[in-house]
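Okay, so here's the structure we're looking at.
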Amino acid sequence: MRLAEIIRNREIAYFFRRKPEIAFELALLYFVLAKRKSLKEEICKACFKVVHWLRKAGVVVPNYIEQLKNGSLLLELEKLLVLNKPRVDVCAD
């Protein structure tokens, strides 16, 4: 399965279930997508989708994140994903 198909399937699952675990998984998938992209516009678009899904998962995202450039934005998003993974896993249990 391609990454785009997996993302679409998870978005449909979130639409019906509205679980924060699915939203966090979508944030991870969009982060992988952002890491794969080479054009700045595509990286920014994917990064803002990561921020969107992190907020849907209930993760507190600092406001300064939206003003960062591509490289530092990816690093900050990676930190947020790593720090909040255990919290979302606990909610799933």
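Residue-wise test of (1) surrounded by fewer than 17 Cβ atoms within 10 Å (Cβ to Cβ); (2) in contact with an Asp or Glu (Cβ under 8 Å, 6 or more places away or on another chain); (3) modelled with pLDDT under 90.
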site	(1), (2), (3)
H52	yes, no, no
K69	yes, no, yes
L77	no, no, no
N84	no, no, yes
V90	yes, no, yes
Does the range 30-44 hold any residues that are of a type in the set (A, V, I, L, M) and touching a residue at least 24 places away in the same chain (Cβ under 8 Å), and which are they?
V32, L33, A34, I43
If you take the residues of the range 5-24 that are more than 18 Å from V51 (Cα to Cα) and among the aliphatic types (A, V, I, L, M), which of them is surrounded by the fewest Cβ atoms within 10 Å (Cβ to Cβ)?
I12
Quick check on the range 30-44: of everything there that is loosely packed, with under 15 Cβ neighbours inside 10 Å and of a type in the set (K, R), which residue is farthest from the chain's Cα centre (by Cα)?
K40
With respect to A27, determine if the residue is among the small types (G, A, S), farther than 21 Å from N70 by Cβ, touching a residue at least 12 places away in the same chain (Cβ under 8 Å) and surrounded by 13 or more Cβ atoms within 10 Å (Cβ to Cβ).
no
Every residue in the range 45-86 that is touching a residue at least 40 places away in the same chain (Cβ under 8 Å) and either closer than 24 Å to R18 by Cα or among the polar types (S, T, N, Q) (or both), please.
K56, L77, E78, L81, N84, K85
How do the pairs read when you match residues in the range 4-24 that are farther than 20 Å from K37 by Cα with residues anywhere that are basic (K, R) and surrounded by 15 or more Cβ atoms within 10 Å (Cβ to Cβ), using Cβ under 8 Å and keeping only pairs 6 or more apart or on different chains?
Y14/K56; P20/K56; I22/R10; A23/K56
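The values are calculated or read from the model by the stated rules, or taken from the named source; none is laboratory data. Fair warning: this is a prediction, and the values are worked out from it, not measured in the lab. Note that we place each Cβ from the backbone using ideal geometry, even for glycine, and neighbour counts take in every protein chain shown.
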